[in-house]
Structure formats: C-alpha cells, structure tokens
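Read the structure below first, then the notes.
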Amino acid sequence: MKTKAHFKLFYLAILTPIFLLIGCEKEDFLDDLSEKNTSTELNSFIGKKLENPYSVTNMRKAYNNLMNNSKSKQKNDQAIGNESDIKVTDLYVRFFIEDADQLEKLEADSLNFSILPLDYEILKEGDLEIEEKDLEGEGYWLYTSVPVRYQLPGEIKHEILEELFLPELEDDQDEDENTRQRSNYLKSAFSASFLEELEDESLRLTGNLEEANEESDNSIKARKPKRRPQGHIRVQNTTTGAIDPVIGVKVKVRRWFKWGKGYTDNNGFYSVDNTFRRDVNYEVVFKNSRGFKIWPSMISVSSGRYSGGKHGSGGHSITFSTNSKGWRFSTVNNATVHYNNYCDQFGIGKPHNNLRIVAQDKTGSSSAPMLRRVWGKVGFTTNSQLVTFLSKANGITIAANSLWIVTKLILPDVIIKAAPSQGTAGVFETTFHELAHASHCKQVGSAYWIKYINYIITYGAYGDGHGMNNGVVAVGEMWGYHMGYFLTLQHFGNNNPIVRPVAMENFTPFSRPDNRDIVRPRDATNRIFRMEGWIPVGIIHDLMDNNADVVRAGFTDNVSGYTLSQIFGALQANVQTPQAFRNRLLSNNGNWQQTQVNQLFEAYFYN
C-alpha cells in the first residue's frame with residue numbers, strides 16, 4: 001500500500017471528456033442513468049418518453065394494419081400467423097439494487113442492464129457518473145428485459161413495466177434456454193420476413209421508424225441487411241507514444257430491448273454476439289473478461305463505463321486520450337491484465353479474479369484494503385475503523401451518511417490514484433504495486449490482512465517500525481515496492497520515466513525505530529536512483545541478483561539465484577516478520593545459501 005498523502009474525497013461528477021472517436025456517424029446517446037433521478041445534470045441526458053413499439057398492444061395494432069393491407073394478405077409464401085399469436089414473449093422490468101450481492105446474483109443470470117430506462121429519448125452522448133444525490137434512498141434502479149419464462153427473484157425488489165412481444169429471431173451465439181424457447185415459438189408461427197415486416201410497421205405506427213428513405217410499403221427489398229457490430233477499443237500510451245489496445249473489456253450494444261455484447265481481444269478488437277438491421281447504441285463497460293472490474297470512485301454505484309453513442313450496426317471504434325475518463329479506466333485495466341500475465345511468467349500467485357479496482361482521477365496514495373475480503377470480519381467491523389483507514393492510507397474523507405455506498409455497493413479491493421498526469425508508466429507502476437499486495441492477500445488470508453489494516457489505523461501510514469504487527473508491514477511493503485519497480489522495468493525497459501535499474505541495487509537499510517520508512521530520492525530526470533529506509537525493499541533484489549555489493553559497512557550481499565516464485569512461496573500466513581520470511585524461504589529451499597542469507601538479513605537489521 002502506498003500512503004503518505006492526504007486528499008479530500010473525489011465525489012462523483014458528470015464529466016464531458018474530450019476523446020478521439022473512430023467510426024461511423026454520430027447520434028446523441030448515453031446509457032447510464034435512472035428514470036427517477038432529479039438532478040438537473042442527469043435530466044439533461046433524457047428527452048421525452050417514447051411510445052414503445054414492442055408492447056403487445058402496439059404489435060397487435062401493427063399486425064392488424066398489415067392484415068388490412070392487400071399486399072400483405074397476398075404473400076402466400078410466408079407464415080403470417082394470427083393476432084392471437086402476438087402474445088407476451090418478454091417483460092420490460094426494473095430491479096432495485098440495495099447491495100453488491102443482489103447485483104452479482106442478477107449478473108450470474110447473464111442479464112444485460114442499463115441505469116437508463118430503455119424507452120426514453122436520449123439527447124446527447126458523453127460520460128456520466130451517478131452522484132449520491134441521484135440515488136433513490138439506499139439503492140438504485142436497473143432496467144432490462146427478460147424472457148417471460150425468466151424466474152424473477154423474489155428477494156430483489158422489482159417492477160414489471162410492460163409486457164413485450166419481441167418479433168426478431170435472436171442471433172445471440174450464447175442464447176439461454178428461455179431465449180431459445182422464444183425463438184422456437186416465433187419460428188413455429190411466423191416467417192422471418194414477416195416478423196421483420198411486423199416490426200417495421202410497429203415502429204412506423206409509434207413514430208420510431210428512423211430512416212426517412214424507407215419505403216412506406218415496408219417492402220422486403222428495401223430493408224437493411226443484418227450486420228454484426230465490431231471494432232477496436234484503444235488507449236493512448238503517454239510513455240511510448242503508441243496507441244495501445246484495451247484488452248478484455250466488455251462492449252455492449254443495444255437497440256430498444258435487443259442487446260449484443262462482446263469482449264476485446266489482445267488487439268483491442270471486439271465483435272458482439274448479435275446482429276442488427278438498424279443503428280445501435282454503443283457502450284464500453286470496464287468489466288474485464290478475466291473477472292475484475294474498474295470503478296470510477298469510492299461512491300460509484302456501477303463499474304466504469306463510456307457511452308459511445310448511436311452509430312451504424314456495422315461497428316464503431318473508440319480511442320481514449322488523456323482528456324477522457326476512459327483513459328484512466330483503460331490504463332488501469334491494461335496494467336491489471338499485464339500484471340496477471342507476469343504472474344504466469346514468474347510463477348507468482350494471482351489475486352482474486354473478481355477484484356474491484358477503483359481508478360480515481362487523483363494523484364497521491366493508493367492502497368489495497370481488500371474490503372471485499374476483510375470487511376465485517378473479526379477485527380475490522382466498525383465504520384470508524386473504515387473511515388480512519390481510508391483517511392490514513394489514501395487521504396480520503398467520506399461523510400458518515402455516505403459510508404453505506406462503500407460498504408453495501410462497492411467494497412473495493414484496490415484503490416488506484418490514476419490521474420493522467422502520472423502518465424501510463426506511473427499508473428502501471430502503482431497498479432503493479434497494489435496488485436502485488438492483492439496477490440499476497442489472497443495467499444495469506446483475511447486475518448493477516450486485518451492486522452495490516454489495523455497497523456495503519458493505529459500508527460498512520462507505515463510508522464517508524466515499532467509497535468504491534470510492524471513486521472507485517474515490513475514484509476508486505478518489501479514485496480509491494482519491489483514488484484512495482486521490478487515489473488515497471490520489465491514492461492517499459494531501463495529507460496522508463498519512473499525508476500532506474502541502479503535504484504534496485506542502491507538500497508541503504510536503517511535500523512528501527514526510524515521515521516524514514518522508505519525514502520526514494522530522484523535524479524534530474526525525476527527518476528528514482530536509490531532507496532533507503534527500515535522497510536527492507538532492497539532485500540528481494542539482493543536475493544535474486546548476482547552482484548556481490550556492499551549493503552552497509554561490514555556487510556556484503558553474497559546471495560544470488562533466488563527466484564520470484566520462491567520468494568512469493570515464502571510469503572505465507574505465518575510469515576509476519578522479515579525474520580520469519582527468511583526462515584520460511586530457507587526451509588522451503590533446503591537451506592540453500594543459509595549462511596549468506598542470514599548475513600544478508602543481518603545487514604538489513606533483521607537478524
């Protein structure tokens with residue numbers, strides 16, 4: 001955990017960032033707010049309520065209109081069914097979310113959601129975040145459509161807003177049994193071409209047929225072909241100057257009650273699992289295919305997202321620059337993906353795959369409180385403990401009446417200060433550091449981590465190396481700082497703007513107590529070139545490297561050849577001091593270089 005700076009809470013604000021869009025025509029849209037919101041800013045995104053062309057009532061009107069049209073009657077080569085066949089296939093519903101567990105239950109059912117009601121005109125596109133004042137009591141509404149056979153969860157408050165007849169046969173490559181049954185029913189009663197004609201007629205009757213050049217007779221020849229939305233999601237890399245792919249993020253598209261989704265690959269390319277005849281609304285959701293989510297702030301009600309507006313069904317591409325909040329979401333996302341890849345490369349345990357990572361538009365202290373793993377457990381149960389920890393570890397102040405948002409809806413694992421001013425390499429280094437803590441936490445468990453948290457609550461930041469559980473902090477930060485800098489050098493090379501390779505070697509240890517926990521002087525290029533302190537950050541490098549350098553007067557590093565995998569393997573739950581780490585490392589590895597290892601730890605004042 002990186003501490004030592006103090007900032008006020010960044011409350012959610014609606015932003016209109018500047019970004020680079022690559023794609024088709026633009027039309028205003030933003031899919032991210034509540035029907036009952038009273039905020040003037042939020043209302044600026046919503047237009048009038050639209051007449052729903054997919055209601056059973058309107059679909060029956062459209063059917064009768066077509067049957068009264070002689071041209072439709074004469075089409076003997078298609079199944080046209082009866083009016084009674086126009087019956088409920090789906091339900092337009094909303095769910096009231098009061099805690100994170102409820103949201104996870106619905107997500108487990110693979111439902112698509114919007115905080116925006118699905119039957120309203122959208123006036124503009126842009127970024128928005130829901131403020132606390134926009135919530136309804138202690139919760140918020142999510143809107144979606146579900147097959148009529150879907151079992152609505154009784155334990156989650158919900159409302160059925162309208163009964164729907166969705167006439168289009170789904171192309172979803174992962175359709176569930178309920179959706180498959182609906183498609184089979186439609187196929188048994190209607191031909192595909194008649195369903196398209198029926199949909200067009202209902203859109204026309206309700207004033208929602210957008211294409212001015214569509215023929216009034218809705219002829220099959222005039223209809224647009226179905227296309228599968230696809231494109232690239234990319235982000236500006238301020239360190240290399242390149243445009244990097246955003247890896248593993250979710251891209252959702254929607255037209256009324258029809259959805260499509262896909263995840264970007266290692267090249268940032270996505271292709272959704274459905275096809276559409278008309279323009280769709282695009283949205284990038286920072287929920288990674290690997291399981292982790294990026295959140296905008298400590299009191300956000302949903303994961304980070306960027307609404308890309310309405311564009312052609314053939315696809316749309318987006319590149320995030322530093323003027324967009326999507327830049328920090330994308331950069332933290334990519335750093336997390338690469339961290340997991342490095343875990344595979346170096347044989348290090350990965351963090352929990354469902355991490356919640358807050359990426360704040362701030363500079364300063366970051367941390368890995370792992371609240372989803374520790375909150376409410378013995379030793380960490382009171383609001384005052386949580387408030388004190390966030391204040392001392394991150395400089396965050398949260399009002400008492402806002403804590404329920406943190407404890408019920410978010411419970412972040414990792415908090416990253418990811419302002420664009422830190423640059424890509426700076427955000428990566430911070431993310432590597434905090435995710436190293438997350439790996440450590442998963443291995444040692446919640447009881448260990450609560451000791452870590454309570455030390456910071458008691459002594460503030462890292463303290464001077466005395467007091468109960470100072471060894472837990474010494475071991476944890478030894479690991480976190482080393483991994484942050486080591487992986488930055490791995491990823492960006494020796495010429496990165498954060499740390500010089502020599503800094504890993506040039507470490508001066510201090511005995512405790514000493515207020516100099518970890519000091520990192522910088523050179524004229526603002527790069528760290530040496531370190532010093534009572535936290536033994538340099539000891540991991542000394543265990544691994546082949547250099548026999550002087551650690552302090554009378555002590556030379558003669559250890560070499562230990563690996564990151566061996567070092568991480570020694571960071572077990574009962575290893576709560578550097579000395580215990582030394583003993584476990586030796587016992588795990590046949591007491592290899594025992595004399596030299598003991599001398600090295602003595603050089604760092606841990607004998």
All other residues with a Cβ under 14 Å from the Cβ of L600 taken together, and with Lys, Arg as +1 and Asp, Glu as -1, what is their net charge? -4
Most to least packed among 352-365, 522-535 [average Cβ atoms within 10 Å]: 352-365, 522-535
Taking segment 230-325, the whole-percent share of alpha-carbon pairs separated by over 15 angstrom is 60 percent
With 0.36 nm assigned to each residue of separation and the Cα-Cα distance removed, W592 to T577 gains 3.4 nm
Quickly work out the R512-to-K187 label distance, labels modelled 7 Å from Cα along the C-beta direction, and quote it in nm with one decimal. 6.8 nm
Where the centroid of each part is defined by its Cα atoms, how far is segment 534-607 from segment 402-457 in Å? 26 Å
What nm distance separates the two modelled labels at K105 and N323, each placed 7 Å from Cα along Cα→Cβ? 4.5 nm
Measure off 7 Å from each Cα along the Cα-to-Cβ vector at N547 and I160, then give the distance between these two points in nanometres to one decimal. 7.2 nm
Roughly how much of M370 is accessible, in Å² to the nearest 10, using a 1.4 Å probe? 0 Å²
For a quick protection proxy, order the peptides 226-234, 197-205 by their average other-Cβ count within 10 Å, most packed first. 197-205, 226-234
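The values are calculated or read from the model by the stated rules, or taken from the named source; none is laboratory data. On a predicted model such as this, the values are computed, not experimentally measured, just so you know. Neighbour counts are summed over all protein chains in view; Cβ atoms, including those assigned to glycine, are modelled from backbone coordinates with ideal geometry. When the accessible area is computed, the model is the full protein with side chains, heavy atoms only, and any ligands, DNA or RNA have been set aside. Shrake-Rupley method; radii C 1.70, N 1.55, O 1.52, S 1.80 Å.
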